[in-house]
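Participant: Please see the structure below; I have some questions.
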Amino acid sequence: MTLTVYTIGHSTHSTAEFIELLKRNAIEAIADVRSSPYSRHNPQFNRETLRGYLGESGIAYVFLGSELGARSENADCYRDGKVQFDRLAKTSLFRNGLERVKTGSERMRIALMCAERDPLQCHRTILVSRHLVEQGVEVRHILADGGIESHADALRRLKTELGIPDQDLFRSTEALDADAYRRQGERIAYQRPGGQQRLAASKP
């Protein structure tokens, strides 16, 4: 049986709008993959508040930001102060997070939640979904208007935005996909404040 996992960005949705999107897609549990489960501008998505009204709507909540968040606490996952998704994906913590999602999705319809409205602008797609798909999981992205975008369609959209062709005489489809993930990862990966400056200052 193929496992299916959804993703969603909370964006600036109201509580009612967010619950409606989840209910429309029969989501039974939210896996919060934000490294810091708080929002200054949208406090309705602070962890305690979110858990409360999800529970009132019969939707479970689990925080997986330590395992699947984009701001790793592992110094080996950084280069020049910026997170490297390929390194993060190799950590045991990240792999354990993927296993938790897969195990949970055997029993419940789960949506990975982060902040960004567009799935292409978020590590939930470029990092987490990529590796779930590689392990045979089907991923579907819930869009802000309620539509559903398959991960394959999201990846095609990303390649179009980056000017990467679907087919190339000299590169395989896998290589083209990897290039798209790498380039978008560089664009959206977390940069530690002052990371570049500290590096420059440390050089003789």
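The values are calculated or read from the model by the stated rules, or taken from the named source; none is laboratory data. Just so you know, these numbers come straight off a predicted model, no measurement behind them. Cβ placement follows ideal geometry from the backbone for every residue including glycine, while neighbour counts extend to all protein chains displayed.
Participant: Does segment 166-204 hold any residues that are at pLDDT 95 or above, in a loop (DSSP other than H, G, I, E, B) and loosely packed, with under 12 Cβ neighbours inside 10 Å, and which are they?
Facilitator: Ser172
Participant: What's the number of the only condition in (1) surrounded by 20 or more Cβ atoms within 10 Å (Cβ to Cβ); (2) over 28 Å from Ala26 (Cβ atoms) that Lys90 fails to meet?
Facilitator: All conditions pass for Lys90, except number (1).
Participant: Working only within segment 90-123, note down all residues that are within 15 Å of Ala144 (Cβ to Cβ) and among the acidic types (Asp, Glu).
Facilitator: Glu116, Asp118
Participant: Let me ask something else. Does Tyr38 count as of a type outside the set (Gly, Ala, Ser) and in a helix (DSSP H, G or I)?
Facilitator: Here the answer is no, as Tyr38 does not meet what is asked.
Participant: Across segment 9-24, what is the number of residues that are touching a Phe, Trp or Tyr at 6+ places or on another chain (Cβ under 6 Å) and either basic (Lys, Arg) or within 23 Å of Ser129 (Cα to Cα) (or both)?
Facilitator: The first filter runs over segment 9-24 and keeps only residues touching a Phe, Trp or Tyr at 6+ places or on another chain (Cβ under 6 Å), leaving 10, 15.
From what is left, the residues that are either basic (Lys, Arg) or within 23 Å of Ser129 (Cα to Cα) (or both) are 10.
Going through segment 9-24 one residue at a time, the tally reaches 1.
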